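Chemist: Dumping the structure here so I can ask a few things about it.
The values are calculated or read from the model by the stated rules, or taken from the named source; none is laboratory data. Only a predicted model underlies this, so the values are computations on that prediction, with no experimental measurement involved. Cβ placement follows ideal geometry from the backbone for every residue including glycine, while neighbour counts extend to all protein chains displayed. The protein model used for the area step is the full one, side chains on, heavy atoms only, and it has no ligands, DNA or RNA in it. Shrake-Rupley method; radii C 1.70, N 1.55, O 1.52, S 1.80 Å.
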Amino acid sequence: MRSVVVQSYRTQSPSWLQACMRSVKDWALQQGHEYQFVDDRLFDYVPAQIMQTPPSTVLPLTDLARLGLLKDLLNSGYDRAIWVDADVLVFRPEYFRIPDLCGGMLCREVWTYEDENKQIRHRPGINNAVAAFDRGHPLLDFLHHAALELFAHLRPEQIHSSRIGTDFYTLLGRIYPMRLLTQVACFSPIITRALLSGEQTYLLREYGDQFGDPFHAVNLSRFKLVEDAAKEAPQVRDVMSEEQLLRLKFTTMKNFGTHS
């Protein structure tokens, strides 16, 4: 099976994000996959009429564009195309696998947040931080069509950051039995801060219990980290150093074992 792993980001990226992408590229090559990186050419897969009146955030555009890119890669002759977000860190590459004959797969998510009463909640969902599709499987065509239809029927101000991605996939998952990757966790800023500080270890235990499966890669949710940081420092340009990423990798491996 000829497979390709693809990632996208601006040409200039912070060092910790480059380290995340290196971890994905190294994993891909170890698995025998080909690897491709796409810069802002990703937006070539967004129709011109959408780009003329885009939403206020870029994330819905990337949610749409990645589907078009994956279709293009499969049409070019690959048997499987795998998208991985730029802020995904593969910290146990020897364990991380995409199942054979996956058909079409997205990621199971547990999102940890504080509610209006300052109580910690863990919300299940489905995201596309890692998405894998085999050539000929109908799910990719459907998701691409659905994303285009959402853009056509919603006003730009109605399309918030997760409308075309996590929100849509989570709602769809309630009525359609999608296959989900369980080896990729999603850390909200609350979990990331707990890991970096070494405090609130009870949160980590709760998260591990809620997620329920061993995971070997993690989506670090850069958009939410930046969003949170900007509330305190509006001019924030980065949210993590490479040294902090190494600490995060170490504490993640320490707190979440291969059989947790």
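Chemist: What single numbered condition from (1) open to solvent by less than 40 Å² (accessible area, probe 1.4 Å); (2) part of a loop (DSSP other than H, G, I, E, B); (3) not charged (D, E, K, R) fails to hold for Cys20?
Modeler: Condition not satisfied by Cys20: (2).
Chemist: Let me ask another. Quick one: in the stretch 64-82, of everything that is hydrophobic (A, V, I, L, M, F, W, C), outside any strand (DSSP E or B) and touching a strand residue (DSSP E or B) at 6+ places or on another chain (Cβ under 6 Å), which residue is surrounded by the fewest Cβ atoms within 10 Å (Cβ to Cβ)?
Modeler: The selected residue is Leu74.
Chemist: Which residue pairs have Cβ atoms closer than 7 Å, lie 6 or more positions apart in sequence or on different chains, and pair a first residue in the stretch 116-135 that is open to solvent by 100 Å² or more (accessible area, probe 1.4 Å) with a second residue that is aromatic (Phe, Trp, Tyr) and assigned to a loop (DSSP other than H, G, I, E, B)?
Modeler: Arg135/Tyr78
Chemist: Considering the stretch 206-222 alone, what residues qualify as being in a strand (DSSP E or B) and out of contact with any Cys (no Cβ under 9 Å at 6 or more places or on another chain)?
Modeler: Residue satisfying the conditions is Ala217 alone.
Chemist: Among the residues of the stretch 147-170, count how many are touching a Leu at 6+ places or on another chain (Cβ under 8 Å) and either touching a residue at least 24 places away in the same chain (Cβ under 8 Å) or under 18 Å from Leu220 (Cα atoms) (or both).
Modeler: The number of residues fulfilling the criteria is 10.
Chemist: How many residues are over 22 Å from Phe256 (Cα atoms) and surrounded by 16 or more Cβ atoms within 10 Å (Cβ to Cβ) when one looks only at the stretch 89-101?
Modeler: 0
Chemist: If we keep just the residues of the stretch 227-259 that are surrounded by 15 or more Cβ atoms within 10 Å (Cβ to Cβ) and modelled with pLDDT under 80, which is farthest from Leu195 (Cα to Cα)?
Modeler: Glu227
Chemist: Would you confirm whether or not the stretch 24-36 contains a residue that is part of a loop (DSSP other than H, G, I, E, B), surrounded by 13 or more Cβ atoms within 10 Å (Cβ to Cβ), among the aliphatic types (A, V, I, L, M) and without any contact (Cβ under 8 Å) to a residue 12 or more places away in the chain?
Modeler: No, there is no match, as no residue in the stretch 24-36 is part of a loop (DSSP other than H, G, I, E, B), surrounded by 13 or more Cβ atoms within 10 Å (Cβ to Cβ), among the aliphatic types (A, V, I, L, M) and without any contact (Cβ under 8 Å) to a residue 12 or more places away in the chain.
Chemist: Just one of (1) of a type in the set (D, E, K, R); (2) in contact with a strand residue (DSSP E or B) (Cβ under 6 Å, 6 or more places away or on another chain); (3) surrounded by fewer than 20 Cβ atoms within 10 Å (Cβ to Cβ) trips up Asp85, so point out which.
Modeler: (3)
Chemist: Name the single residue that is most open to solvent (accessible area, probe 1.4 Å) among those in the stretch 174-211 being in contact with a Phe, Trp or Tyr (Cβ under 7 Å, 6 or more places away or on another chain) and closer than 14 Å to Glu114 by Cα.
Modeler: Across the stretch 174-211, the extreme among qualifying residues is Ile190.
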